[in-house]
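**Student:** Have a look at this one.
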Amino acid sequence: MNIVIADDESLIRASLVSMISEMGASWHVAGEAATGEELVALVAAELPDIAIVDIRMPVMDGLTAIQRGKECSPLTKWLILSGFSDFEYAQKAVKLGASEYLLKPVDPRELESSLYRIYQDHAESERMLNRQFEYNLFSMIHELTAPDVERGSGDSLFYQGHFQGMVFYIDSCCPASRLADLQRELGSVLRDELGKHFTCGMRVAIVSLPGGELSVIGAWDAAKNAGHKDRLAHCFQSLIENLAQFQSKQSAVTAFLTGECSGFLSLVDELKQLQSCASLRPLYGIRRMWSARELSSLTETDFAVLGRLLILLAQHFNDKLYVNYHKTVDELEALLNKIQLRDHHVQAIRDFLGAALSASVSSPLSRQKLAGELRQFGEQTLLRMTGTEPGGGDLVERAIAYIEKHYMEDIGIGQIAGELNVTPNYLSSLFHKKTGCTFVKYLTRLRMYKAKELLAETGLQVQQVAEKVGYYSSRHFTKLFKDTNGVYPSDFKKNLGNHTG
């Protein structure tokens, strides 16, 4: 937690710095100011979590400094220092939004207690704002709500914020149920690590993308604090270091990093570009991080086509689709006759197939015999696995039955695919083909239908209805309900009452 101190007496500033350093908490004094004007400039530069401010300073007093500081850093909390004669000023400061005030001379124990109270309130407020950002981001990416960026005000993060994202791809020959567990474990580790890097003013979200991949997306206002870009880079590096625990012979996690982009719509374009880059991982390497800049020039080449075929081959194998697997091998063979693979491509392909199909494919593969060896591997392995292929219609019906039973829970396509023992990509494709919409949209429509039933037939409040259908933010639920039904849930309930009356 970053703290700035403003007092015209250098000895008092030094004393406060000393007290804070001895508290043992992970608090950092980011700067000091001797006047109100210096404080406003310091707050604008640092966007501190807390500002400790003397009520009386030369040039500009503490009250005026707070008013101006709130304009450039609305999330900063204010702790006022005053003498007995300044009690009336302290009351005015509280009305302006100051969280606490202390009398001089400052008692170290009272200062520590005040800082802890402010920290707890501030941390909870920041967590709530970040959760709301995550909900909104998920809804916009999955097109549940329209991006509110065209008509966004000048201070809207989605309108003028800077974004950067990292997407994680899991290649594994583990059973589908284990793959679902693996994705949940990865999400848990990512969220724990993000908590260590949480800072005032920056938003960070974990969002599953339409293809089922996990992503971590950060956003910040570059005009107010360019330093958040460096903090996010440090956070991403820590996430990469935590991926080692998920790398094994049977699974590999590869991360792809977008460039910095301005506004939500640019982020969407970057994520689409990243998806094209991700198809190159079978030829250029898994179990590492790639930036979009490193691979973007290759996304329109035959190498990208070959990469997509290798990924598709692994999906068919894991879904036990014997015919589809061999059709893809035929396509691979035709393409391999057109392009020249280098040794590092062959090595990368071997590593990819070892993780995505099975360790038994990790024996040396030659360029000339790659298609033949894959065809032979399919003959020997797929026929032993099962004599029948999963029924598409039956799978979708079972998925819908699962959704109707668990719609009020936090469920995803990966979890359901694990229950049905197929890969998320395969189930997602079948689901969209049969229902005409994505899994997320289907789930949202079902929840909105159930919400209307509860609003019409029970006396539950909007917050209670939201929780009953799987939403823990009534604000998020209200926005989705309005976008889906054209009316707010409270008005929907009121209109029902008018009709029955």
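**Student:** About the Cα centre, and with charges only on the beta carbon of Lys, Arg (+1) and Asp, Glu (-1), how big is the dipole of the stretch 437-501? Nearest 20 debye, please.
**Tutor:** 160 debye
**Student:** Hey, another quick one. What list of ³J(HN,Hα) couplings, whole Hz, do you get for the stretch 249-262 from phi and the Karplus terms 6.51, -1.76, 1.60, once you set θ to phi - 60° and write x for glycine and proline?
**Tutor:** For the stretch 249-262, the Karplus curve yields 5, 9, 7, 9, 10, 10, 10, 10, 10, 6, x, 6, 9, 9 Hz.
**Student:** Could you size up the charge dipole of the chain around its Cα centre, putting +1 on the beta carbon of Lys and Arg and -1 on that of Asp and Glu, and report it in debye to the nearest 20?
**Tutor:** Roughly 1700 debye for the chain.
**Student:** Would you mind classifying the stretch 437-501 by shape? Square roots of the alpha carbon gyration tensor eigenvalues, ordered a ≥ b ≥ c; an a/c under 1.5 is rounded, otherwise it is prolate if a/b is larger than b/c and oblate if not.
**Tutor:** In terms of gyration-tensor shape, prolate.
**Student:** About the Cα centre of the stretch 147-297, what is the dipole size in debye to 20, counting +1 per Lys and Arg Cβ and -1 per Asp and Glu Cβ, all else neutral? Kindly include the intermediate steps, with their values, before the conclusion.
**Tutor:** Details: 15 positive and 16 negative charges, 66 e Å.
Dipole about the Cα centre, nearest 20: 320 debye.
**Student:** If you don't mind, another one. Once amide H atoms are placed 1.01 Å from N in the peptide plane, what residues at a sequence separation of 5 or more from Ile80, or on another chain, have their amide H within under 5 Å of its amide H?
**Tutor:** Those qualifying (amide H under 5 Å, at least 5 residues apart or on another chain) are Val53, Glu100, Tyr101, Leu102.
**Student:** Moving on. Just want the answer: with Cβ charges of +1 for Lys and Arg and -1 for Asp and Glu, which residue in Leu209, Thr35, Val53 is farthest toward the dipole's positive end in the chain?
**Tutor:** It is Leu209.
**Student:** Order 273-281, 121-129 from most to least packed using the mean count of other Cβ atoms within 10 Å.
**Tutor:** Ranking, from highest mean packing down: 273-281, 121-129.
**Student:** Here's something else I'd like to know. Over what distance in Å are the Cα centres of the stretch 170-185 and the stretch 411-427 separated?
**Tutor:** 10 Å
**Student:** Could you list, in their original order, any pairs among Lys434/Lys493; Lys196/Lys272; Lys405/Lys452; Lys320/Lys433; Lys77/Lys482 whose Cα atoms are separated by more than 23 Å?
**Tutor:** Those over the limit are Lys434/Lys493; Lys196/Lys272; Lys77/Lys482.
**Student:** Quick check on the chain: helices-only [θ] at 222 nm, where DSSP H runs of length 4 and up contribute -39,500 (n - 2.57) each and the sum goes over total residues. Nearest 500, please.
**Tutor:** That calculation yields -18000 deg cm²/dmol at 222 nm.
**Student:** If you take every DSSP beta bridge fully contained in the chain, what fraction is antiparallel? Give it as a percent rounded to 5.
**Tutor:** Once the DSSP bridges in the chain are tallied, antiparallel ones form about 50 percent.
**Student:** Still on this structure: What's the exposure ranking of Ile206, Ile170, Ile5, going from fewest to most Cβ atoms within 10 Å?
**Tutor:** Result, fewest neighbours first: Ile206, Ile170, Ile5.
**Student:** Go through (i) 20.7, 61; (ii) 23.2, 67; (iii) 27.8, 90 and flag the label whose value is the computed Rg and Dmax of the Cα atoms in Å for this structure.
**Tutor:** (iii)
**Student:** Summing +1 for each Lys or Arg and -1 for each Asp or Glu, what net charge is found among the other residues whose Cβ lies under 11 Å from the Cβ of Arg117?
**Tutor:** -3
**Student:** Separate question: Within the stretch 420-442, list the residues whose amide N lies under 11 Å from a label point set 7 Å along Cα→Cβ of Asp394.
**Tutor:** none
**Student:** Taking the chain as the reference, fit the longest principal axis to its C-alpha atoms, fit the long axis of helix 392-406 to the helix C-alpha atoms, and give the angle between the two in degrees, 0 to 90, nearest 10.
**Tutor:** Relative to the chain, helix 392-406 is tipped by roughly 30 degrees.
**Student:** Quick one: Tyr449, Tyr426, fewest Cβ neighbours within 10 Å first, how do they rank? Mind dumping the intermediate values first?
**Tutor:** Values: Tyr449 13, Tyr426 22.
Sorted ascending by nearby Cβ count, the order is Tyr449, Tyr426.
**Student:** Give the relative contact order (percent, whole number) for the stretch 415-501; include only Cα pairs under 8 Å separated by 6+ residues.
**Tutor:** Reported as a whole number, the value is 17 percent.
**Student:** Starting at the first residue of the stretch 131-144, write each ³J(HN,Hα) from the Karplus equation 6.51 cos²θ - 1.76 cosθ + 1.60 with θ = phi - 60°, in whole Hz, x for Gly and Pro.
**Tutor:** Result, rounded to whole Hz: 4, 5, 4, 5, 4, 5, 5, 4, 5, 6, 5, 8, 6, 7.
**Student:** Quick one: grab the alpha carbon gyration tensor of the stretch 2-123, order the square roots of its eigenvalues as a ≥ b ≥ c, and give me rounded if a/c is under 1.5, else prolate or oblate depending on whether a/b is larger than b/c.
**Tutor:** Here the stretch 2-123 falls in the rounded category.
**Student:** Which of rounded, prolate, oblate describes the stretch 196-305, given a ≥ b ≥ c as roots of the alpha-carbon gyration tensor eigenvalues and a/c under 1.5 marking rounded, otherwise prolate only if a/b is larger than b/c?
**Tutor:** Verdict is oblate for the stretch 196-305.
**Student:** A further question follows. May I ask for the distance between the Cα centers of the stretch 455-475 and the stretch 5-20, given as a whole number of Å?
**Tutor:** A separation of 50 Å, based on Cα centres.
**Student:** Which of Ser474, Val440, Ala456 sits farthest toward the positive end of the charge dipole of the stretch 437-501, with +1 on the Cβ of Lys and Arg and -1 on the Cβ of Asp and Glu?
**Tutor:** Val440
**Student:** Relative to the longest principal Cα axis of the chain, at what angle does helix 489-500 sit, 0 to 90 degrees, rounded to 10?
**Tutor:** Once rounded, one gets 80 degrees.
**Student:** With everything on Cα atoms, drop me the angle between helix 302-318 and the longest principal axis of the chain, reported from 0 to 90° to the nearest 10.
**Tutor:** Compared with the principal axis, the helix lies near 80 degrees.
**Student:** Please name which of Gly227, Gln237, Leu267 has its Cα lying farthest along the dipole of the stretch 207-287 towards the positive end, using unit charges on Cβ (Lys, Arg +1; Asp, Glu -1) and the Cα centre as origin.
**Tutor:** Highest projection toward the positive end goes to Gln237.
Read-outs: derived from the displayed coordinates by stated rules, not from any lab. Computed from a prediction, not measured in an experiment: that's the story for all the values here. Glycine also receives a Cβ, built like all others from the backbone with ideal geometry; neighbour counts cover every protein chain displayed.
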